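The values are calculated or read from the model by the stated rules, or taken from the named source; none is laboratory data. What you are looking at is a predicted structure, and each value in this text was computed from that prediction instead of being measured. Here the Cβ positions follow ideal geometry from the backbone for every residue, glycine too, while neighbour counts run over all protein chains shown. These area figures cover heavy atoms from the full protein model, side chains too; ligands, DNA and RNA do not enter into them. Shrake-Rupley method; radii C 1.70, N 1.55, O 1.52, S 1.80 Å.
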Amino acid sequence: MQNNRQKNTALLAAEIERSNAEALAWLGEFKQQSGRALRVLHIGNIANNAYNNAKIQRSLGIEADVLCYDYYHIMGTPEWEDTDIKGSLDNFHPDWWAVDLGNWQRPDWFVQGPLLDCLDYLRAKHRGTNADRLLARRRLVQAYWDILDEKATTNGKRRRWLSPMTLSALRTTLKIAPELTLPGTTLRERATACWNNFALPVLSQLSNRASLNAAAKNVRIASVDPALVRRVRGETAKPMDHVRIALFRTWRAQVGLSAVMEPTHYEGSGSEPQIARLESLRRYGRLSFHSVAWGGSKVLSKISARIAPRTTSTIASPLATTSATLARREAVREHYRRSFADVPSAMLESELTHADCLSGHLSDVMAHYDIVQAYSTDGLTPLFAGVTRFCAYEHGTIREIPFEDNLQGRLCKFTYRHAPRVFVTNSDVLPSIPRIGIPAHRVTNLPHAFNDGKLRKFRDDNPQLLPPTGIPILFSPTRHHWHVGGGSWTKGNDVLLRAAGRLHKEGRDFRLRCVEWGQEVDKSKALIDELGIAHLVEWVPTMTKRQLWAAYCQSHVVVDQFALPALGGVAFEALALGRRLITRIDESTLEQFFGAAPPLLNGETVDDVTRQIAHILDDPNDEAKLGQKARQWIEIFHSSTRTLALQARAYRDLMLDQDEPDIPKSGSA
């Protein structure tokens, strides 16, 4: 029986290798025929899925960009994935200026910030000058700096620097936006480069000193430092004062500000949503390069935060909207109304306004890409914009959201039902596909995005990271949430703790390490005290990626979650590192999803987990080679090559078949 299973796995591995090669060869064919690489825009970046996918794609020549708008959680940033962060950070709004990132630099294809500023950067990248692109990048940096400032002020704290472009913070700023690096080694050389690269292009509209003086005298006092304005209007003004004010006024007229609807803010379930308006975009009146060129941080700090909203992009769009695209947009809207005919019309129109707002802002940017890959609920953007070549990428999204009676639920269900391609990354959501009505031929079972090569290299480069001899160590990195609520949020931590309590009563010796994070850490600690195992449990602080990997390697087993029968990021990384894993899975579903279930220790109940931990205690050195088998499984069924090949195959089908969103002209959902 065992020999037959190994033979079948070998045959399947050979078939997967052939399929991968065929799909990846198409990327070369596309480049040869079109004269350029395939262009993919990834929208949304929860859990770094977009960043990881784009990074893998770029390694094989795809021109992949990531748009991560209005989302700053640390686990959705490149720094979390690729750096060894030294220092403590707020998980929701990490202050990158407050920690040491080493020599690492953020890639310029990852675009994060308020929506409209992100879009301006992408427009400048595709259609603007180099000066346009650099100014747009500076606005993104300044925008996040201002968000951190506001947050600190709200919490009664004070941050260290006045501006991200002052010399004390410049080094960190250039890690976040490395393309802003100015040539030269001295302050004078950098100031000259700053003036030539940024100031002169803006000042070109002002031809002489008279126009500079006239512009300066018309600036409202509220817009800049009042003392500076008084100096200019009087007789004590210095020549550079005129330049500063005129430059600011010209720049403000060109750049302006804006507000945009927030796509992820919903209030109430089943009631008409209240669409919030972001205020973060009203803060960009600062010219950050003043701080480098002229030391003008005082002037900049006085600029008013309330400036008239921007109504157009700084980079005009030359892309014409075709009649076919307009017709698709209207068909989508009409079909949405018919699909939810039982919902009050006023509520539907509000939801359509929300979708139109987002899709309208992004439509011209999406037109620069061959494929749009939208994560979670962001697939509504290309759908309502009339884009036909897009993929909706779920990472637990269709487990519960499409069945909620609210804006988010309806838009999510409608989007996944009509997306030309759907990437499913969680095996436990397969039953949701027929419930939503997604055609089976449009679904691709896709492994979670992660770079197995990076983990393999980490393991090979650190052979000294081994479990200690003696008492076995169980490591649980999972967030603590098991008492209140349900669904995908819960982890079932109590199952592990009760199993540990039972083994302790049986006289078994071990140590349990838990990461101290989650909403119910206090409840877990109370349960540990109740079970009498506090002396066996060690709490450790939250860790960076590499710290986690080291902890996996130095433990006898990694213990994940027991609430859902599915694999997540912890599980895949543990398997890739060749570690034994205890978690809950549905073996038959995973066999259907991947072709073979992963070799791990499956458990759901306290009895199951007790038995699996006992297996580890009886074989602390893994004589059964379960960790080695886990690493081999990842290389065959869950490698970055496999992930990229499956996406490339879907892209090829979209490019060749032109399988448009299924939006009928009549009928109902």
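Things to note:
- Cross-link pairs beyond the 26 Å C-alpha cut-off, checked among K86/K151; K151/K413; K175/K491; K55/K86; K491/K525: K151/K413; K175/K491
- Surface accessible to a 1.4 Å probe, H483 within the full protein complex, Å²: 110 Å²
- When K545, K151 are compared by accessible area of protein heavy atoms, the largest-first order is K151, K545, using a 1.4 Å probe.
- Radius of gyration and maximum dimension Dmax of the range 540-650, Cα, Å: 14.4, 46
- Each residue of the range 336-352 was assigned a 3J(HN,Hα) from its phi angle through the Karplus curve 6.51 cos²θ - 1.76 cosθ + 1.60 (θ = phi - 60°); the sequence is 4, 4, 5, 5, 10, 5, 7, 8, x, 4, 4, 5, 4, 5, 5, 5, 5 Hz, with glycine and proline shown as x.
- Per residue, the range 542-669 exposes 38 Å² of solvent-accessible protein surface, assessed with a 1.4 angstrom probe and all protein chains in place.
- Solvent accessible area, Å² - D100, 1.4 Å probe, full protein context: 80 Å²
- Entry note, the range 1-89: relative contact order of 22 percent, from Cα contacts under 8 Å with a spacing of 6+ residues.
- Applying the Karplus relation 6.51 cos²θ - 1.76 cosθ + 1.60 with θ = phi - 60° to the range 30-42 yields 3J(HN,Hα) values of 4, 5, 5, 6, 9, x, 7, 6, 5, 10, 10, 9, 9 Hz, where x marks Gly and Pro.
- Approximate spin-label separation A346-A10, in nm, with each point projected 7 Å along Cα-to-Cβ: 7.0 nm
- Per residue, the convex hull volume that the Cα atoms of the range 346-445 enclose (Å³): 84 Å³
- Relative contact order of the range 388-447, pairs being alpha-carbon contacts under 8 Å that are 6 or more residues apart, as %: 37 percent
- The range 506-545 and the range 394-417: distance between their alpha carbon centers, rounded to Å: 35 Å
- Convex hull volume of the Cα atoms of the range 441-529, normalised per residue: 170 Å³.
- Shape annotation for the range 13-78: C-alpha extents along the principal axes are 38, 33, 14 Å, from largest to smallest.
- Solvent-accessible ranking of E351, E623, largest area first, probe 1.4 Å: E623, E351
- Within the accessible area of the range 448-589 (1.4 Å probe), percent carbon and sulfur: 49 percent
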